[in-house]
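Enquirer: A single structure is presented below for examination.
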Amino acid sequence: MTDVSVSVVADAETLARTVAEQLLDRLGSIQAAGRVPSIALTGGTIAIEIYRALARLDSSAVDWTQVDFWWGDERYLPAGDPERNETQARQALLDAVPVLPENVHAMAASDEGGDV
């Protein structure tokens, strides 16, 4: 069983920075072990703040070209719509770090010919 730790922080900015720092450490550890990490992205106010914090932090210990990005949820809207989680994640993080397009596994947009 995994040990559980609970931390209380003062505000959303501190929470976002703390989670981003821990995520960078985890990504670096996974890559140091010779594995390719995957991140499931989502929408929401705190998630976007975490992505912005990731983009601001020194992430030189992470090889962003060796990270796979998936979505845990998405809004079925046209590509580029500001309400799509993909659009928000791209603006906050993916456009700020050197990811490979083939490692970004976005869900289909409503204008891409699919059907829900």
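The values are calculated or read from the model by the stated rules, or taken from the named source; none is laboratory data. All values derive from a computational prediction rather than experimental measurement. Ideal geometry is used to build each Cβ from the backbone, glycine not excepted, and the neighbour counts take in all protein chains shown.
Enquirer: Out of contact with any Asp or Glu (no Cβ under 6 Å at 6 or more places or on another chain) and surrounded by 15 or more Cβ atoms within 10 Å (Cβ to Cβ), is that true of Ala33?
Expert: Details: out of contact with any Asp or Glu (no Cβ under 6 Å at 6 or more places or on another chain): yes; surrounded by 15 or more Cβ atoms within 10 Å (Cβ to Cβ): no.
Spelling it out, it is not the case that Ala33 is out of contact with any Asp or Glu (no Cβ under 6 Å at 6 or more places or on another chain) and surrounded by 15 or more Cβ atoms within 10 Å (Cβ to Cβ).
Enquirer: May I pose another question? Please enumerate the residues belonging to segment 66-92 that are more than 13 Å from Gly44 (Cβ to Cβ), in contact with an Asp or Glu (Cβ under 8 Å, 6 or more places away or on another chain) and in a helix (DSSP H, G or I).
Expert: Once the filter is applied, which keeps residues that are more than 13 Å from Gly44 (Cβ to Cβ), in contact with an Asp or Glu (Cβ under 8 Å, 6 or more places away or on another chain) and in a helix (DSSP H, G or I), segment 66-92 yields Glu86, Thr87.
Enquirer: Test Asp11 against the criterion of being modelled with pLDDT under 95 and surrounded by fewer than 12 Cβ atoms within 10 Å (Cβ to Cβ), and give yes or no.
Expert: No, not satisfied.
Enquirer: Could you figure out which of (1) assigned to a loop (DSSP other than H, G, I, E, B); (2) surrounded by fewer than 12 Cβ atoms within 10 Å (Cβ to Cβ); (3) at pLDDT 90 or above isn't true of Glu102?
Expert: (1)
Enquirer: Against the definition (surrounded by fewer than 17 Cβ atoms within 10 Å (Cβ to Cβ) and either within 13 Å of the chain's Cα centre (by Cα) or under 18 Å from Thr45 (Cα atoms) (or both)), how does Asp95 come out, yes or no?
Expert: yes
Enquirer: Looking at (1) among the charged types (D, E, K, R); (2) exposed (fewer than 14 other Cβ atoms within 10 Å of the Cβ); (3) touching a Ser or Thr at 6+ places or on another chain (Cβ under 7 Å); (4) under 15 Å from Leu27 (Cα atoms), which is the one condition that is false for Asp68?
Expert: (2)
Enquirer: Can you list residue pairs whose Cβ atoms sit under 8 Å apart, with the first residue in segment 3-22 being over 19 Å from Ala61 (Cβ atoms) and the second being hydroxyl-bearing (Ser, Thr, Tyr) and surrounded by fewer than 12 Cβ atoms within 10 Å (Cβ to Cβ)? Count only pairs 6 or more apart in sequence or on different chains.
Expert: So the pair list comes out as Ala12/Thr45.
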